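The values are calculated or read from the model by the stated rules, or taken from the named source; none is laboratory data. Not measured: the values here are computed from a predicted model. Counting neighbours? That spans all protein chains shown, and the Cβs are built from the backbone with ideal geometry, glycine included.
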Amino acid sequence: MRNRNFGKFAMSGKSAANLALVIALVAQMVFAATDPEFAAQRQQMVAEIAAMARMTQREIGRERFSDSVMQAMGKVVRHRFVPDSAAHAAYGNRPLPIGQGQTISQPYIVALSTELIEPKPDHVVLEIGTGSGYQAAVLAELVKQVYSIEIVAPLGREAETRLTALGYRNVDVRIGDGYQGWPEKAPFDGIIVTAAAPFVPAPLVAQLKPGGKMVIPVGSQLGGQELLLVEKMADGSVRKKVVLPVRFVPMTGKGVRERPPR
């Protein structure tokens, strides 16, 4: 997706817009690096995540999240992944709108999803639903490579530019239908889906390594949604566990619409 034709000096309108976004993000990073208010808010957010983990330990099967996940949550500058008008609320433990009818997930859910796939430094992870790039950034702090798919083209392009400006070199973003996954980069050690599907997409299960884990919200906005942990066993069989009731924006795309009814 990235334009590698650096030799040309003339810029298209799209290239100029991307450059302007990069410059703006870099300028924001300079101020963010010395902004104690956001740093304090970020630490408060981490404390709230830890408290929620203790409150939900029966459902999630653990009392606390790993140190590495909590450190990543405390490092990623969430206020750079929301519109400027929402920066003051970036570290509240709630989802926020990011435009195009989409949202950035609640920090606790980001931490929980990350924790459940048990990320390791040598892992390659797939994310379905890039959004503003926040979940991808958290994963990028923990794993070798992140591949992320966003169906809403403007969001995906902005997220890619933002992640690059913030220094994340181990995230690749593709515009497309996440239902189909990213087969040429498979298999994956973990998959995180950030939009609710009516069922677990078979292509994503196929692209999961034996021993790999996928976290996906399943259900509808009217009938209720559940966060599922899907684990592929060594023999290729699949084990599913309901973790928590959740509320996500719905997954869209041709694959979800065309699945034949059972």
Might you check whether a residue that is modelled with pLDDT of 95 or more, of a type in the set (Gly, Ala, Ser), surrounded by fewer than 16 Cβ atoms within 10 Å (Cβ to Cβ) and in contact with a Lys or Arg (Cβ under 7 Å, 6 or more places away or on another chain) occurs anywhere in the stretch 41-48?
no
Qualifying positions in the stretch 167-223 - among the polar types (S, T, N, Q) and in contact with a Leu (Cβ under 8 Å, 6 or more places away or on another chain)
207
Residue under evaluation residue 136, criteria (1) hydrophobic (A, V, I, L, M, F, W, C); (2) assigned to a strand (DSSP E or B); (3) touching a helix residue (DSSP H, G or I) at 6+ places or on another chain (Cβ under 7 Å), criterion not met
(2)
What pairs can you find where one residue is in the stretch 48-72 and free of Cβ contacts under 8 Å to residues at least 24 places away in the same chain and part of a helix (DSSP H, G or I), the other is surrounded by 15 or more Cβ atoms within 10 Å (Cβ to Cβ) and not basic (Lys, Arg), and their Cβ atoms are less than 8 Å apart, with a gap of 6+ or different chains?
50/65; 50/70
Write out, first by first residue and then by second, each pair whose Cβ atoms fall under 7 Å of each other, whose residues are 6+ apart or on separate chains, and whose first residue, in the stretch 157-184, is within 16 Å of residue 254 (Cβ to Cβ) while the second is small (Gly, Ala, Ser) and surrounded by fewer than 20 Cβ atoms within 10 Å (Cβ to Cβ).
175/153; 177/253; 177/255; 178/253; 179/253; 179/255; 180/255
Check off (1) crowded, with 19+ Cβ neighbours inside 10 Å; (2) more than 16 Å from the chain's Cα centre (by Cα) for residue 171 and give me the number that stays unchecked.
(2)
Report the residue count in the stretch 184-216 for those that are modelled with pLDDT of 95 or more and assigned to a strand (DSSP E or B).
15
Any residue in the stretch 95-115 that is assigned to a helix (DSSP H, G or I) and among the charged types (D, E, K, R)?
yes
